[in-house]
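**Student:** Encoded as structure tokens, here's the structure I'll be asking about.
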Number of protein chains: 6
Amino acid sequence: MRILVVNPNTTESMTTAIGEACRAVAAPGTEITAINPAWGPPSIETYVEDYVAAAAMLQTIAGHRDSYDAFVVACAGDPGLYAARQLTDAPVIGIAEAAMHMACLVAHRFSIVTVIDSVRPMLEDMVSVAGMSPRCASIRATSLSVLEIEQDYDHAERVLIEESRRAVEQDGAEAIVLGCAGMGPLDKRLQKELGVPVLDGCGCAVTLAESLHRYGITTSKAGAFAMDAARLPRLGFPVSQQ
Amino acid sequence: MRILVVNPNTTESMTTAIGEACRAVAAPGTEITAINPAWGPPSIETYVEDYVAAAAMLQTIAGHRDSYDAFVVACAGDPGLYAARQLTDAPVIGIAEAAMHMACLVAHRFSIVTVIDSVRPMLEDMVSVAGMSPRCASIRATSLSVLEIEQDYDHAERVLIEESRRAVEQDGAEAIVLGCAGMGPLDKRLQKELGVPVLDGCGCAVTLAESLHRYGITTSKAGAFAMDAARLPRLGFPVSQQ
Amino acid sequence: MRILVVNPNTTESMTTAIGEACRAVAAPGTEITAINPAWGPPSIETYVEDYVAAAAMLQTIAGHRDSYDAFVVACAGDPGLYAARQLTDAPVIGIAEAAMHMACLVAHRFSIVTVIDSVRPMLEDMVSVAGMSPRCASIRATSLSVLEIEQDYDHAERVLIEESRRAVEQDGAEAIVLGCAGMGPLDKRLQKELGVPVLDGCGCAVTLAESLHRYGITTSKAGAFAMDAARLPRLGFPVSQQ
Amino acid sequence: MRILVVNPNTTESMTTAIGEACRAVAAPGTEITAINPAWGPPSIETYVEDYVAAAAMLQTIAGHRDSYDAFVVACAGDPGLYAARQLTDAPVIGIAEAAMHMACLVAHRFSIVTVIDSVRPMLEDMVSVAGMSPRCASIRATSLSVLEIEQDYDHAERVLIEESRRAVEQDGAEAIVLGCAGMGPLDKRLQKELGVPVLDGCGCAVTLAESLHRYGITTSKAGAFAMDAARLPRLGFPVSQQ
Amino acid sequence: MRILVVNPNTTESMTTAIGEACRAVAAPGTEITAINPAWGPPSIETYVEDYVAAAAMLQTIAGHRDSYDAFVVACAGDPGLYAARQLTDAPVIGIAEAAMHMACLVAHRFSIVTVIDSVRPMLEDMVSVAGMSPRCASIRATSLSVLEIEQDYDHAERVLIEESRRAVEQDGAEAIVLGCAGMGPLDKRLQKELGVPVLDGCGCAVTLAESLHRYGITTSKAGAFAMDAARLPRLGFPVSQQ
Amino acid sequence: MRILVVNPNTTESMTTAIGEACRAVAAPGTEITAINPAWGPPSIETYVEDYVAAAAMLQTIAGHRDSYDAFVVACAGDPGLYAARQLTDAPVIGIAEAAMHMACLVAHRFSIVTVIDSVRPMLEDMVSVAGMSPRCASIRATSLSVLEIEQDYDHAERVLIEESRRAVEQDGAEAIVLGCAGMGPLDKRLQKELGVPVLDGCGCAVTLAESLHRYGITTSKAGAFAMDAARLPRLGFPVSQQ
């Protein structure tokens, strides 16, 4: 099967790393393409960036809506996820929901460990709208900005281990959901160190997309995610940006 | 004081009607300017349109961030409201939250009566994130599309009265919140006919903005709505669209 | 317009201060009358006092039910608020709900900072019945009794700043709702010091009453707040107390 | 043991009937005294009456606070219950909470079947503050006013059976809580007809008071129900009414 | 009346102690029989033990289903309680729910103080399914295993006082629910030391069973607790274990 | 990888059908073994059967705890799921949670359509403990008993289509979760007829087990699912049943 992984920000090195993290988990026969929008912010750490990146990502998905068997939205706030589902018949998986649902299979409660504090309100809203609050022990921010992570993985690892330990010891977390797509390459190092499941949403999303594909399930068009194809020409995306 | 009312969709006749509805309620000395983005969808009835319109509206507000005493987001889904608050120190009021908070002062429970069924999941998410679920008796859709309303106000009135009556009689609503900015001109006709408070968010938002201004309250920058001004240049809005 | 502000306790110096706080925010043309019941407790810091004061306040409002355009219940527990709405067609605003709704327009979450610990359970119940729990970060008590505040405003200010800082730093509050009508005169001093919005319910209630009046909204009589006028003679207020 | 049962309204025939219902369930050795306040409304069907009756009831209990082993508040809205607990060291049981807690021992979900529709919002608030919402299937009003019940028990029985059946069949109720102290004499007739447990709060409150007494448990004074006895003289009850 | 108290674990000394605790509270004329299953774990501190003990307890109750006026499930996790209700027409009371409902009559919020940490998730699920979360301030584990308690009551008392104090001072608990049947003999010693109500579920369950019996209430068979007697032969209990 | 699928009831024809449903979805290289306990009820339609079957299933899993890479609990009430997780380091997936989590990826809300009404309270508890209530539109019972399904699949299909349509049209379900392992063979026929995703938990659980295995995630032992291996000999399973 063919999966399009869309990094909603415009930082290409991050897109490349996300693509690699996805391929590392993908089954034989799954083809991963990782791209990012032509416009929008280089990282998503505020509500404004979340909305701008979501619009750019939707324009990107709209341009490939018939060409893939599944789509992955590769940002841990799941920006524009429900909108993306309206654009295509193929399943669209957000990496935050992917990691949270997988965590629920191995832990009574999980915590999300993420980047700087400004993303916390967004993640709280996301967890609430996803109906995941009963299972989420805490959302913990760190000193890391999104783009710092890939500049010094060892530093990021140390910071994430320290904060994850607090989640386990103080909040009752039994598993850690990584709260930024850029943290993916650290998942196994963290898991080994912490001794609890550590879930990167990119890996989770890919295996879930494969599961849905194999079992023959696609996005329901009976409610929230329906959209008449006749609306496509009037969606109002900005011109000549792509 | 000076209030910028932003209609997030691009239908100018609707922008004009919203401006008039706001001026009808504004206090003497309040100056209302109503505008809409240069790009984006002509109306908001799907998640995709909600996100695209929100991004366009944010770009619009960013362009006027220092020039007004308050901003009103004039779409009943409050698209991008929290993001808009990050762009300016002045208060930003969404018309949905404005009408809901005002309704809570005169009714134990309110219902939202809105346009076609596809907006219902969005309004459900909005009510939930706003923490208003305990006070919201129901969200009721009708056969009306956004742009149909202003084409035949008498028809719209009949449809809205019928659905609002169901909300009062079957769901326990004691007040009606109008679920589309385009319904504003009908507020008093509906209120007279129904015998319960009917609230158009545009009017509510203007009086609330005036209240905040008079009492000397602006958006808190201590948490969710903080954003370092240094981020402004990197927000990634699409170029040459405005 | 004419607003009757009822301080539910019998301490006249507090009634005077409340009246002044209200007039300071009122629009030109708004006439504020501040009164208190002839019987009942001198302050409200227990459930018993809350109920006795509420009954006395209701008797007071019943005696003026046709003479004002709006009523304000000036105690931060909103005692007897729903009952007061049954007594008159004019809007009745509680200062707690007023400040909480206004806070929601400028902050994701607010905290209430109040007097001695015995009022906390009452405020918890009030917040819960008002449906405001999702937006309330915490309710924090202090060492101040109601009547101490006006005896030493500088001391009260110091105490309130200390506790408010804890609310902001430890509980995630982005705005402070003052949890006692007697704290009103300190609102702007606290706001300046704390750097987050500080809301006195008296000021909020007055501007909201003006907003409702200007927009033509009165209490819904379709449900919880309906009462047949024929019941008035049999309400059973104590005789010859007023 | 000695139990003081206080009917918060002033209708003496109802007080007598309540006393009889309590004695019918009381254990040998339990002495029941049933009284009502000297002032206040003849029945409680509005928020205003609820508050006035609560204040009068509190004055009544304050006058007997040291003379009984337990107190029962005999109105199905539990008016002023928490305040009453502050006035005495002896347990104070509300008949609504009593019936609800007993119902939880024999049914997954209960419904409250009550008098006219105006009491419904009050009962909703009461159930919510009591934390009983997860177990309450519905609150169903009827055409019966409080004082009509004792005038024609056969009529009341027919009305209550009809509404209770709807609660069982449509709402999933497995037990019925009687929503007015005046319905007590019908409990066994209704239970026989309906085939599900029917609980009158008066009977439940008496057996629970006996249980607490036998087991040696009294009201906690560690939080919500504490009140310094020094406050008693300043509670502000109306004079010369008792 | 005759009450069968079933200790779901197989430790006979504990069964004896539970029987004595029940008899100490029982009214004259109440006959208590305390038994335990012939198979299953010696104590319940894990989910696995909870399920095995529940099955063994159900087999025990099935063997006595027509011979008692009420049944008590004497383990503070209420294992298999709903299932037990399906086996008999007589009331079945769990000691956890019994203590929680009684606590609600004398305290705004209670905490459960229990044995080792591994039982906490089970108790959380139990509180949630019982709909008691709104009233439960916290669940606090200690260093005590179930079987250690009766080996050194003085040590257990010290540990429980220390943890209960934290519940009162840090979590806002106003009453303590003992989270293990083996703690029953310490209830009055703890209550005297702590100064707040301390509730052993065994005592509570016995008085509640007596209350239901006296008032003529049995388990509802209209919903969750119904079971056709024809199913009894096919329930699949293990043979020749009893 | 090797997956042990345990049907908790003792009906072998159902075990065979479940094994086939699992193999139909399994990836190449996944080896499925389907078994059932030696004792316990032939189907699970009451709380009693749920507990007895859970205990028998736990004994079964304990006997194979080191021999498989993952376990599946193949009953739509997820009986004993958390206990099963304590018995082994390998992941244990319940078919109810599996189908619910997968449904959340393609639908805003799902409904569970199940067998006879007596299982509804159990499924309600299960959904609540799983934290899935915010996403579950309804649980709908039918006239089908568990063992009837495989006796006439065409009849079962007609019944399930009728009830599922009500869930979609009246409750807002966008996907259907099959509420009995015996319904698995009908998943694709129902999905084709209904036009919305239809999820059999067996298929979902197998693909999720494969996903966890591929991504290297096992059950967290940091909290609810920890159990010291030293407890194994004292779990108290009935002897000589297996």
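The values are calculated or read from the model by the stated rules, or taken from the named source; none is laboratory data. The structure presented is a predicted model; accordingly, all values stated were derived computationally and were not measured. Using ideal geometry, Cβ is built from the backbone for each residue, glycine included, and neighbour counts are taken over all protein chains shown.
**Student:** Just the residues that are charged (D, E, K, R) and modelled with pLDDT under 95, please, taken from segment F:125-148.
**Tutor:** Across segment F:125-148, the qualifying residue is only F:ASP125.
**Student:** Also, I was wondering about something else. For segment E:152-176, how many residues meet the condition of being touching a Gly at 6+ places or on another chain (Cβ under 7 Å) and closer than 17 Å to E:ASP200 by Cα?
**Tutor:** Selection size over segment E:152-176: 1.
**Student:** Can you pull out every residue in segment A:205-216 that is surrounded by 24 or more Cβ atoms within 10 Å (Cβ to Cβ) and within 12 Å of A:PRO91 (Cα to Cα)?
**Tutor:** Going residue by residue through segment A:205-216, those that are surrounded by 24 or more Cβ atoms within 10 Å (Cβ to Cβ) are A:205-212.
Within segment A:205-216, A:ALA205, A:VAL206, A:LEU208, A:ALA209, A:GLU210, A:SER211, A:LEU212 meet the criteria.
**Student:** May I pose another question? Conditions: (1) within 14 Å of chain B (Cβ to nearest Cβ); (2) among the charged types (D, E, K, R); (3) assigned to a loop (DSSP other than H, G, I, E, B). A:ARG120 meets all but one. Number of the miss?
**Tutor:** If we test A:ARG120 against (1) within 14 Å of chain B (Cβ to nearest Cβ); (2) among the charged types (D, E, K, R); (3) assigned to a loop (DSSP other than H, G, I, E, B), just (3) comes out false.
**Student:** Going through C:ASP50, C:ASP69 one at a time, which residue ends up being charged (D, E, K, R) and more than 16 Å from D:GLY236 (Cα to Cα)?
**Tutor:** C:ASP69 is the lone residue from the list that is charged (D, E, K, R) and more than 16 Å from D:GLY236 (Cα to Cα).
**Student:** What about A:PHE237, is it in contact with a Leu (Cβ under 8 Å, 6 or more places away or on another chain) and in a loop (DSSP other than H, G, I, E, B)?
**Tutor:** Taking the combined requirement at face value, the residue satisfies it.
**Student:** From the list E:VAL92, E:VAL25, E:VAL5, E:VAL73, exactly one residue is in contact (Cβ under 8 Å) with a residue 40 or more places away in the chain, touching a Pro at 6+ places or on another chain (Cβ under 8 Å) and not charged (D, E, K, R). Which is it?
**Tutor:** Answer to the selection: E:VAL73.
**Student:** Sticking with this structure for a sec: Do we have any residue at all in segment C:70-93 that's assigned to a loop (DSSP other than H, G, I, E, B) and outside the structural domain of C:ALA55 (by TED's automatic domain parsing)?
**Tutor:** No, that holds for no residue.
**Student:** From the list B:PHE225, B:PHE237, which residue is more than 13 Å from chain C (Cβ to nearest Cβ), under 23 Å from A:ASP50 (Cβ atoms) and among the aromatic types (Phe, Trp, Tyr)?
**Tutor:** Within the list B:PHE225, B:PHE237, the selection yields B:PHE237.
**Student:** Select from segment A:75-101 the residues that are facing another protein chain (nearest Cβ under 7 Å) and among the hydrophobic types (A, V, I, L, M, F, W, C) and list them in ascending order.
**Tutor:** Residues satisfying the conditions are A:ALA83, A:LEU87, A:ILE93.
**Student:** A further question on this structure: Considering only residues that are more than 9 Å from chain A (Cβ to nearest Cβ) and buried (at least 19 other Cβ atoms within 10 Å of the Cβ), which ones fall in segment F:184-204?
**Tutor:** To start, the set of residues in segment F:184-204 that are more than 9 Å from chain A (Cβ to nearest Cβ) comprises F:184-186, F:189-190, F:192-193, F:201-202.
Answer for segment F:184-204, where residues must be more than 9 Å from chain A (Cβ to nearest Cβ) and buried (at least 19 other Cβ atoms within 10 Å of the Cβ): F:GLY184, F:PRO185, F:LEU186, F:LEU190, F:GLY201, F:CYS202.
**Student:** Within segment F:110-124, can one find any residue that is surrounded by 21 or more Cβ atoms within 10 Å (Cβ to Cβ), among the acidic types (Asp, Glu) and under 26 Å from E:MET132 (Cα atoms)?
**Tutor:** No, segment F:110-124 contains no residue that is surrounded by 21 or more Cβ atoms within 10 Å (Cβ to Cβ), among the acidic types (Asp, Glu) and under 26 Å from E:MET132 (Cα atoms).
**Student:** Continuing with this model, one more query. Which of the residues spanning segment D:207-218 are within 9 Å of chain E (Cβ to nearest Cβ) and either on the phi > 0 side of the Ramachandran plot or in contact (Cβ under 8 Å) with a residue 24 or more places away in the chain (or both)? First the steps, then the outcome.
**Tutor:** Pass one, segment D:207-218, residues within 9 Å of chain E (Cβ to nearest Cβ): D:207-212, D:214-218.
The answer is D:THR207, D:LEU208, D:ALA209, D:GLU210, D:LEU212, D:GLY216, D:ILE217, D:THR218.
**Student:** Hey, another quick one. Does segment C:166-179 include one or more residues that are facing another protein chain (nearest Cβ under 9 Å) and assigned to a helix (DSSP H, G or I)? Please lay out each step first, then the result.
**Tutor:** To start, the set of residues in segment C:166-179 that are facing another protein chain (nearest Cβ under 9 Å) comprises C:168, C:172-175.
If we keep only those that are assigned to a helix (DSSP H, G or I) too, we end up with C:168.
Checking segment C:166-179: at least one residue is facing another protein chain (nearest Cβ under 9 Å) and assigned to a helix (DSSP H, G or I).
**Student:** If you don't mind, there's one more thing I want to ask. If you check A:ALA230 against the conditions, is it surrounded by fewer than 24 Cβ atoms within 10 Å (Cβ to Cβ) and in a loop (DSSP other than H, G, I, E, B)?
**Tutor:** The answer is no for A:ALA230.
**Student:** Here is a further query. So is B:ALA62 within 17 Å of A:GLY40 (Cβ to Cβ) and of a type outside the set (Val, Ile, Thr) or not?
**Tutor:** yes
**Student:** Ok, one more. Does segment B:72-79 contain any residue that is more than 23 Å from B:GLY40 (Cβ to Cβ) and out of contact with any strand residue (DSSP E or B) (no Cβ under 8 Å at 6 or more places or on another chain)?
**Tutor:** Looking for residues that are more than 23 Å from B:GLY40 (Cβ to Cβ) and out of contact with any strand residue (DSSP E or B) (no Cβ under 8 Å at 6 or more places or on another chain), one finds none in segment B:72-79, hence no.
**Student:** Still on this structure: For segment B:191-200, state whether one or more residues are among the small types (Gly, Ala, Ser), assigned by TED's automatic domain parsing to the domain that holds B:ALA107, farther than 30 Å from C:PHE110 by Cα and out of contact with any Ser or Thr (no Cβ under 6 Å at 6 or more places or on another chain). Working first, answer last.
**Tutor:** Within segment B:191-200, the first condition is being among the small types (Gly, Ala, Ser), and the residues that meet it are B:195.
Of the ones still in play, those that are also assigned by TED's automatic domain parsing to the domain that holds B:ALA107 are B:195.
The next check asks that each one be farther than 30 Å from C:PHE110 by Cα; those that pass are B:195.
Going one step further and asking which of them are out of contact with any Ser or Thr (no Cβ under 6 Å at 6 or more places or on another chain), we end up with B:195.
Checked against the condition, which is being among the small types (Gly, Ala, Ser), assigned by TED's automatic domain parsing to the domain that holds B:ALA107, farther than 30 Å from C:PHE110 by Cα and out of contact with any Ser or Thr (no Cβ under 6 Å at 6 or more places or on another chain), segment B:191-200 yields at least one hit.
**Student:** How many of the residues in segment F:1-58 are more than 14 Å from chain E (Cβ to nearest Cβ), of a type in the set (Gly, Ala, Ser) and under 24 Å from E:VAL48 (Cβ atoms)?
**Tutor:** Here the count works out to 1.
**Student:** Would you check if F:GLU148 is away from chain A (no Cβ under 14 Å), touching a helix residue (DSSP H, G or I) at 6+ places or on another chain (Cβ under 9 Å) and of a type outside the set (Gly, Ala, Ser)?
**Tutor:** Yes; evaluated as a whole, the condition is true for this residue.
**Student:** Residue check: is B:ALA38 modelled with pLDDT of 95 or more, farther than 21 Å from B:CYS204 by Cα, of a type in the set (A, V, I, L, M) and not assigned by TED's automatic domain parsing to the domain that holds B:VAL119?
**Tutor:** Yes, satisfied.
**Student:** Does E:ILE61 count as within 16 Å of the chain's Cα centre (by Cα), part of a strand (DSSP E or B) and crowded, with 24+ Cβ neighbours inside 10 Å?
**Tutor:** no
**Student:** Moving on to the next point. When B:PRO134 is evaluated against the numbered criteria (1) touching a Gly at 6+ places or on another chain (Cβ under 7 Å); (2) more than 8 Å from chain C (Cβ to nearest Cβ); (3) not in a strand (DSSP E or B), which criterion, by number, is the only one it fails?
**Tutor:** (2)
**Student:** Could you pull out the residue among E:VAL106, E:VAL129 that is in contact with a Phe, Trp or Tyr (Cβ under 9 Å, 6 or more places away or on another chain), in the same structural domain as E:ALA181 (by TED's automatic domain parsing) and surrounded by fewer than 23 Cβ atoms within 10 Å (Cβ to Cβ)?
**Tutor:** Testing whether each residue is in contact with a Phe, Trp or Tyr (Cβ under 9 Å, 6 or more places away or on another chain), in the same structural domain as E:ALA181 (by TED's automatic domain parsing) and surrounded by fewer than 23 Cβ atoms within 10 Å (Cβ to Cβ) leaves just E:VAL129.
**Student:** A further question follows. Restricting the first residue to segment E:97-123 and requiring it to be farther than 18 Å from E:VAL168 by Cβ, which pairs with a second residue that is aromatic (Phe, Trp, Tyr) meet a Cβ separation below 7 Å and a spacing of at least six or different chains?
**Tutor:** E:MET122/E:TYR47
**Student:** Among the residues that make up segment F:142-162, is at least one of them surrounded by fewer than 24 Cβ atoms within 10 Å (Cβ to Cβ), touching a Cys at 6+ places or on another chain (Cβ under 9 Å) and touching a residue at least 24 places away in the same chain (Cβ under 8 Å)?
**Tutor:** yes
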